[in-house]
1. Quick query: amide H of Val128 versus all other amide H atoms, modeled in the peptide plane; which residues come in under 5 Å with a sequence gap of 5 or more or a different chain?
2. Under a Cβ-only charge scheme (Lys and Arg +1, Asp and Glu -1), can you give me the dipole magnitude of the chain about the Cα centre, in debye to the nearest 20?
3. In nanometres, what is the gap between the two model label sites at Lys57 and Glu116, each 7 Å from Cα along Cα-to-Cβ?
4. Looking at the calculated P(r) for the stretch 9-62, what percent of the C-alpha pair distances fall above 16 Å?
5. Compute the distance from the alpha-carbon center of the stretch 23-70 to that of the stretch 84-130, in whole Å.
6. For volume of the Cα convex hull per residue in Å³, which listed value, (i) 121; (ii) 133; (iii) 180, comes from the coordinates shown?
7. Stretch Arg12-Thr65 to full length: gain in nm at 0.36 nm per residue minus the Cα-Cα span?
8. In whole Hz, with x marking every Gly and Pro, tabulate ³J(HN,Hα) for the stretch 116-131 from phi via Karplus 6.51 cos²θ - 1.76 cosθ + 1.60, θ = phi - 60°.
Amino acid sequence: MNGEDHGPAGQRHHDLVLSTSGTIGNLGWIAEILRPFGHLAAIDLNGPLDLGPLVGKSVSLHTETVFSKIMAGGDVAGQGRILAELAADVVAGRLRPIATTVLDGLSVETMRAAHELAESRRTIGKTVINI
């Protein structure tokens, strides 16, 4: 294990988990792989959440929704500037999407395949349909 911090079943503990889908249903294993004082960032929280699995590790929870700043009276134009900066970072290669599955052509078959992958809840990264 070479001095690395490992969790259950030899899995590495992680400082941060970014959860974009199914956070509430996956909270148990997320808590298992986070280090004490780690961070969970989630963008899909929309209902009651039992924080019990995170409390014992003093995990920090960070949430975001698309309209948080606007709903709180924030600068609408500022959101546009943030998106422009993100786009520039993608073009410059500083950010890259994690596309693990790429399907070619917009058709009933590719849409069905993409939907089945999403429903399986076993995908890692993004599924992309090239048009």
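Nothing in this text is a laboratory measurement; each read-out follows from the coordinates by a stated rule. Since this is a predicted model, take the numbers as computed values, not measurements. Cβ atoms come from the backbone with ideal geometry, glycine included; neighbour counts cover every protein chain shown.
1. Thr101, Val102, Leu103
2. 100
3. So the label points at Lys57 and Glu116 sit 3.4 nm apart.
4. 32
5. One Cα centre to the other: 24 Å.
6. Only one listed value fits the structure, namely (iii).
7. My answer for the length gained is 16.2 nm.
8. Working through the residues one at a time gives 5, 4, 5, 5, 5, 6, 10, 7, 10, x, 10, 9, 10, 10, 6, 9 Hz.
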